[in-house]
Amino acid sequence: QVQLVESGGGLVQAGGSLRLSCVASGRTFSSYAMGWFRQGTGKERESVARISGSGGTTYYADSVKGRFTISRNNVKNTVYLQMNSLEPEDTAVYYCAADYSGDKLRRGVGEYWGQGTQVTVTS
């Protein structure tokens, strides 16, 4: 069983930055692929960024490439999402997710999910 706790969301003006953190419980954190997803009001949940267990492979949605960076610290059991040049369209609840299977994470059906953290970007 893995518990995920996100933090770092908030209210920011367009062009600003935020860093989200997701702390995972458990001893096998490095075995899990991790991902950040988001869901805006009235929108479907979408994958934002994913990272392999070792951190050597990353994926970004086209809408955030060049602006967001996903990283992980396997000693601290934490995955981060650095968000720069934020736009109003980035407003959403951001969720952290984990799964042994990178493919399941890619399909948005990861086994473990956090409770979400709200990010609001004003124009």
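Only protein heavy atoms count here; under a 1.4 Å probe, Tyr60 has an accessible surface of about 50 Å².
Excluding Glu44 itself, calculate the net charge of residues whose Cβ lies under 14 Å from the Cβ of Glu44, where each Lys or Arg counts +1 and each Asp or Glu counts -1. Present the calculation step by step, with values, prior to reporting the outcome.
Values: positive: Arg38, Lys43, Arg45, Arg107; negative: Glu46.
After counting each charged neighbour, the total is +3.
For the range 109-120, 3J(HN,Hα) computed residue by residue from phi via the Karplus equation (6.51, -1.76, 1.60; θ = phi - 60°) reads 10, x, 6, 10, 9, x, 8, x, 9, 7, 10, 10 Hz, glycine and proline entered as x. Toward the positive end of the charge dipole of the range 1-114, with +1 on the Cβ of Lys and Arg and -1 on the Cβ of Asp and Glu, the farthest Cα among Ala14, Gly35, Gly55 is that of Gly55.
Note on the range 15-123: with neighbouring protein chains present and a 1.4 Å probe, carbon and sulfur make up 45 percent of its accessible heavy-atom surface. Using C-alpha pairs under 8 Å with a sequence gap of at least 6, the mean separation divided by the residue count of the chain gives a relative contact order of 36 percent. Among the GluC sites (Glu not before Pro) in the range 1-100, those placed in a DSSP loop whose Cβ has at most 14 other Cβ atoms within 10 Å are Glu44. Only Cα sites of the chain enter the Debye sum here, all with the same form factor; the resulting log10 I(q)/I(0) across q = 0.09, 0.17 1/Å is -0.21, -0.76, listed in q order. Taking other residues whose beta carbon is less than 9 angstrom from the beta carbon of Val23, and scoring Lys, Arg as +1 and Asp, Glu as -1, yields 0.
The phi torsions of the range 61-70, fed into the Karplus equation with coefficients 6.51, -1.76 and 1.60 and a -60° offset, translate into couplings of 5, 4, 5, 10, 4, x, 10, 10, 9, 9 Hz, rounded to whole numbers, with Gly and Pro shown as x. Modelled this way, with points 7 Å down the Cα-to-C-beta line, the labels at Thr28 and Lys65 are 3.4 nm from one another.
In order along the range 16-29, phi translates into HN-Hα couplings of x, 9, 9, 10, 8, 10, 9, 9, 10, 7, x, 9, 10, 3 Hz, rounded to whole numbers, per the Karplus curve 6.51 cos²θ - 1.76 cosθ + 1.60 with θ = phi - 60° and x for Gly and Pro.
The values are calculated or read from the model by the stated rules, or taken from the named source; none is laboratory data. Note that the coordinates shown come from a computational prediction; the quantities given were computed from them, not determined experimentally. Quick reminder, even Gly has a Cβ in these numbers, built from the backbone with ideal geometry, and neighbours come from all protein chains shown. Remember, those area values only see protein heavy atoms, side chains included, never the ligands or the DNA or RNA. Shrake-Rupley method; radii C 1.70, N 1.55, O 1.52, S 1.80 Å.
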